[in-house]
Every structure is written in C-alpha cells, then in structure tokens.
1. How about segment 18-34: which of its residues are out of contact with any Leu (no Cβ under 9 Å at 6 or more places or on another chain) and either open to solvent by 40 Å² or more (accessible area, probe 1.4 Å) or assigned to a helix (DSSP H, G or I) (or both)?
2. Residues of segment 163-179 being open to solvent by 80 Å² or more (accessible area, probe 1.4 Å), assigned to a helix (DSSP H, G or I) and modelled with pLDDT under 95, which ones?
3. Please report, ordered by residue number, the helices (runs of 4 or more DSSP H) entirely within segment 64-103 with at least 1 residues that are farther than 13 Å from Ser25 by Cβ.
4. Evaluate the following for Glu119: is it of a type in the set (D, E, K, R) and within 15 Å of the chain's Cα centre (by Cα)?
5. Which residues, taken from segment 106-132, are part of a loop (DSSP other than H, G, I, E, B) and either open to solvent by 20 Å² or more (accessible area, probe 1.4 Å) or in contact with a strand residue (DSSP E or B) (Cβ under 7 Å, 6 or more places away or on another chain) (or both)?
6. Quick one: how many residues across segment 7-43 are of a type in the set (A, V, I, L, M, F, W, C) and either more than 30 Å from Glu155 (Cα to Cα) or free of Cβ contacts under 8 Å to residues at least 24 places away in the same chain (or both)?
7. Taking only pairs six or more apart or across chains, which ones have beta-carbon atoms under 7 Å, a first residue in segment 112-129 that is closer than 18 Å to Val35 by Cα, and a second residue that is of a type in the set (Phe, Trp, Tyr)?
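The values are calculated or read from the model by the stated rules, or taken from the named source; none is laboratory data. Since the model is a prediction, treat every value here as computed from it, not as a measurement. Neighbour counts are summed over all protein chains in view; Cβ atoms, including those assigned to glycine, are modelled from backbone coordinates with ideal geometry. Note: accessible area is taken over every heavy atom of the protein model, side chains too, but ligands, DNA and RNA are not part of it. Shrake-Rupley method; radii C 1.70, N 1.55, O 1.52, S 1.80 Å.
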Amino acid sequence: MTNKKRIQLTTPQNAYKFLRELGASDRLILHSQLVCEVAEKIVEQISRLGIMINKRLVLLGVVLHDAGKIRHIEELEGAGNRHEEAGESLLVEYGIAPDIARCCRSHGQWQTMNCSLEEYLIAISDTLWKGKRDSNLEIRIVDIITERTGRNRWEVLIELDTLFESVASDGQKRLLRSQYSPE
C-alpha cells in the first residue's frame, strides 16, 4: 500500500503527531523525545562551530528513527534491528521524504552505509541519550567537520569530545526518565 500523497513534516511536533497516528506507543514517543533532546544540544553546538547542517533533517530523523518499532514492537524491549528497514519502508509508504525515511536504517547501520553528517548526528544522538559513547562514530563526525572547516583535527576532537561527554553524562537521568509506566 503506497500513499500517493506526500506527507510534509516540518517540525518534531508534526512528526510526533504522525507517529501517534501510525500507532506508536507512549514508550516509543518518549524514547524519541529523549533522543531529540540530545540532538537539539548537539545541533546547537555543531552550528556554533560554523558548520552548515540540515537541522530539520536531524530533528525529524531523530523523532522518526525508530518508527519501525511500530511494526516490531518486541524491539521496544529487546534487541533487534528488523525495525530499521521496516521503519524506512513504513515511512516511504506514507510519502515521507526518502532522506528522512532513510534515517530509520542509517541510525543503526551507519558503519556499513555512506552517511551524511546529519545521519551520523542522528546515530550519535541515539547512542549518547543513554550515556553510551562510540569512539568510531565520534571520529567519523570529527573527520567530516575537520574536512568541512579546515580546522585542526585535534581542536575539533577536543570540542566535540567535551560536547559528547557533557551529553553522555546526563544519560543516567534520561534513562530514569525513560522508565515509562502506564497510569
């Protein structure tokens, strides 16, 4: 079933509403909100470095990155990656722009895909929200920013490491907030 009408999402709030219409659970919405908080901090700091990024793509991609968990509910509680391609397919079915839909897959498969800076920022947001660090992912981001700005790699590394550590240090608080319990 392909929706002929292309859905135009412009804000995270539109994307949350869209997820609810698709049947997303409160737990999935809460996860997206927590990851979006992280993404907003990262995007703000990256912008201060003078890097041009598609903020809308990052924020919408973060909100929708786990949309496939609507079809693979078991992956809300347990491990699995079937939601990645399922999410991309689901969003494409509803006419979501392909670059946004692709974030469902790239947030988990960035190691084997040729990703944009925005996609890497979505993946790092989904990692840091819980206080986890991934040096390989972080280095890819550092290298892209170094190349785009011509700045000294070590300076960029130090700035981003400070940012990533700051965000990760609040991971425990976000994890506690993620303990959704229906009323």
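1. Within segment 18-34, the first condition is being out of contact with any Leu (no Cβ under 9 Å at 6 or more places or on another chain), and the residues that meet it are 20-21, 23-24, 26, 30, 33.
Correct list: Arg20, Glu21, Gly23, Asp26, Leu30, Gln33.
2. Step one: filter segment 163-179 for residues open to solvent by 80 Å² or more (accessible area, probe 1.4 Å), giving 165, 172-173, 176-177, 179.
Now narrow it down to the ones that are assigned to a helix (DSSP H, G or I): 165, 172-173, 176-177.
Gln172, Lys173, Leu176, Arg177, listed by residue number.
3. Numbers: elements: 74-77, 82-93, 98-101.
By residue number, 82-93, 98-101.
4. Values: of a type in the set (D, E, K, R): yes; within 15 Å of the chain's Cα centre (by Cα): yes.
So Glu119 passes the test.
5. First, pick out the residues of segment 106-132 that are part of a loop (DSSP other than H, G, I, E, B): 113-116, 129-132.
Within segment 106-132, Met113, Asn114, Ser116, Trp129, Lys130, Gly131, Lys132 qualify.
6. We begin by selecting, within segment 7-43, every residue of a type in the set (A, V, I, L, M, F, W, C); these are 7, 9, 15, 18-19, 22, 24, 28-30, 34-36, 38-39, 42-43.
Next, from what is left, pick out any that are either more than 30 Å from Glu155 (Cα to Cα) or free of Cβ contacts under 8 Å to residues at least 24 places away in the same chain (or both): 7, 9, 15, 18-19, 22, 24, 28-30.
Adding up the residues that qualify gives 10.
7. Every condition considered, the pairs that remain are Glu119/Trp110; Tyr120/Trp110; Ala123/Trp110; Leu128/Phe164.
Residues are listed down the side, and each one gets a yes or a no for (1) touching a Gly at 6+ places or on another chain (Cβ under 7 Å); (2) surrounded by fewer than 21 Cβ atoms within 10 Å (Cβ to Cβ); (3) among the hydroxyl-bearing types (Ser, Thr, Tyr); (4) without any contact (Cβ under 8 Å) to a residue 12 or more places away in the chain:
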position: Gln45; (1), (2), (3), (4): no, yes, no, no
position: Lys55; (1), (2), (3), (4): no, yes, no, no
position: Leu60; (1), (2), (3), (4): no, no, no, no
position: His72; (1), (2), (3), (4): yes, yes, no, no
position: Glu84; (1), (2), (3), (4): yes, no, no, no
position: Gly87; (1), (2), (3), (4): yes, no, no, no
position: Asp134; (1), (2), (3), (4): no, yes, no, yes
